[in-house]
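J.: Submitted below is the structure of interest, expressed as structure tokens.
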Amino acid sequence: QVQLVESGGGLVQAGGSLRLSCAASRSIFSINRMGWYRQAPGKQREFVAGIGSGDSTNYADSVKGRFTISRDNAKNTMYLQMNSLKPEDTAVYYCDAFIEGRFYWGQGTQVTVSS
């Protein structure tokens, strides 16, 4: 079991950058898979980026080359560096962890990109 808390969201102009953090209540060293999802108003939650325990990563096509996912096991924290933000990146961003067959989610952090 784990509790996840996202932070770092906010309002930014198009072309700007933000770094989201996802702090876990326990060690993330043994968590094989963690990731970021987002949900825009009126839309379904969608995958953004994922990272494995060996630091393998994968990204949605819409964010490749602009977003970077990383994890710091010593700080029990996962990050999402978002550069070249676009208005269509506006959404609530959630982090998740997949542990023993179950998904755990944070409460989300709002990202708003103005044009």
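The values are calculated or read from the model by the stated rules, or taken from the named source; none is laboratory data. Note that this is a predicted model, so its numbers are computed, not measured. Cβ atoms come from the backbone with ideal geometry, glycine included; neighbour counts cover every protein chain shown. Note: accessible area is taken over every heavy atom of the protein model, side chains too, but ligands, DNA and RNA are not part of it. Shrake-Rupley method; radii C 1.70, N 1.55, O 1.52, S 1.80 Å.
J.: Just the residues that are of a type in the set (Val, Ile, Thr), in a strand (DSSP E or B), open to solvent by 10 Å² or more (accessible area, probe 1.4 Å) and within 12 Å of Ala40 (Cα to Cα), please, taken from region 89-112.
T.: The answer is Val92, Thr109, Thr112.
J.: For region 4-88, give me every one of the strands (runs of 3 or more DSSP E) that falls completely inside it and has 2 or more residues that are among the polar types (S, T, N, Q), exposed (fewer than 14 other Cβ atoms within 10 Å of the Cβ) and in contact (Cβ under 8 Å) with a residue 40 or more places away in the chain.
T.: Ranges flagged: none.
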